[in-house]
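J.: Just passing along the structure, written as structure tokens.
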Amino acid sequence: GGGICSGALINNTCEDGRFLFLTANHCLGGSTASWSFRFNWESPPGTEVCAEFDLSTDPGAPYDQTANGATILANSGASDFALLEIDNMTDEEAETWDVYYAGWDRSDDETVTSAVGIHHPRGDLKKICREDNDPYHDVAAGAQVWWIDDWDAGVTEPGSSGSPLFDQNRRIIGQLWGGGASCQNLTAPDYYGRVSSSWQPTGSNSTNQLKFWLDPSSSGAAFIDG
């Protein structure tokens, strides 16, 4: 009842199924102990691609795949990331819900040829936007970001914040920080805080970096798959 954001479970080098959830720092507010995390909030199989739901008469996707409460592990406004651990979720639920722990790439190479965002605009059912051109490095409000000039298909809106940006290898390279894209402005840019900038900033500790949590084995991996 207080706000809506998007995010994703993210894998770590131990691949131990820990319930690590990547979202945006600006999504934080109030007590994360009261947060709800809904999975598989998407159009039922067989639904037409552009079908719209009147949720007052058609509940659409199930509400029952929901976990509650989280602990903040690390966050930083510099790259607008937050890494949480979902508290009240069981291995049995994760298996039954068939959750996916997304891979990531921290190499930061500007060899990304295309990108996909998966998100929940205004808390709606899962939506996908696609950028057929290569996102590039830029700076937004002093932070290092991946910049999307405009989406080739789909668009983000408020509530999409924190959602993952995937490269052509289906690995997370950033989380949505901001931009002007909306259903009213289809050609406006979006920008994503870069995983590389969140990885291990100079002078960081476990509370403001991703490395401590996503590479607990100290493998030095530049990327892993989901």
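J.: Looking at this structure, is GLY103 under 24 Å from GLY3 (Cα atoms), touching a Lys or Arg at 6+ places or on another chain (Cβ under 6 Å) and not in a loop (DSSP other than H, G, I, E, B)?
T.: no
J.: Answer yes if at least one residue in the range 171-190 is acidic (Asp, Glu), open to solvent by 40 Å² or more (accessible area, probe 1.4 Å) and either touching a Ser or Thr at 6+ places or on another chain (Cβ under 8 Å) or not in a strand (DSSP E or B) (or both), and no otherwise.
T.: no
J.: Give me the pairs: first residue in the range 70-91 and of a type in the set (Val, Ile, Thr), second residue open to solvent by 20 Å² or more (accessible area, probe 1.4 Å) and part of a strand (DSSP E or B), beta-carbon distance under 7 Å, and six or more apart or on different chains, which are they?
T.: THR71/GLU85; THR71/ASP87; ILE86/PHE21
J.: Among the residues of the range 112-133, is there at least one that is within 30 Å of ALA67 (Cα to Cα), acidic (Asp, Glu) and in a loop (DSSP other than H, G, I, E, B)?
T.: yes
J.: Scan the range 148-158 for residues that are open to solvent by 10 Å² or more (accessible area, probe 1.4 Å) and either assigned to a loop (DSSP other than H, G, I, E, B) or within 19 Å of HIS26 (Cβ to Cβ) (or both) and jot them down.
T.: Within the range 148-158, ASP149, ASP150, TRP151, ASP152, GLY154, VAL155, GLU157, PRO158 qualify.
J.: Are there any pairs with C-beta distances below 7 angstrom linking a residue in the range 152-178 that is under 25 Å from ALA222 (Cα atoms) and at pLDDT 95 or above to a residue that is surrounded by fewer than 18 Cβ atoms within 10 Å (Cβ to Cβ) and among the hydroxyl-bearing types (Ser, Thr, Tyr), with the two at least 6 apart or on different chains, and if so which?
T.: These pairs meet every condition: GLN168/THR113; GLN168/SER114.
J.: A further question follows. For residues that are open to solvent by 50 Å² or more (accessible area, probe 1.4 Å) and in a helix (DSSP H, G or I), scanning just the range 4-39, find the one that is nearest to ASP64 (Cα to Cα).
T.: Within the range 4-39, the match that is nearest to ASP64 (Cα to Cα) is SER34.
J.: Right, here's the next one. Quick one: in the range 75-123, which of the residues that are open to solvent by less than 70 Å² (accessible area, probe 1.4 Å) and of a type in the set (Ser, Thr, Tyr) is farthest from GLY162 (Cα to Cα)?
T.: Checked the range 75-123; the qualifying residue farthest from GLY162 (Cα to Cα) is THR90.
The values are calculated or read from the model by the stated rules, or taken from the named source; none is laboratory data. Quick caveat: nothing in here was measured; it's all calculated off a predicted structure. Glycine gets a Cβ as well: all are built from the backbone with ideal geometry, and neighbour counts include every protein chain shown. SASA here: full protein model, heavy atoms, side chains in, ligands and nucleic acids out. Shrake-Rupley method; radii C 1.70, N 1.55, O 1.52, S 1.80 Å.
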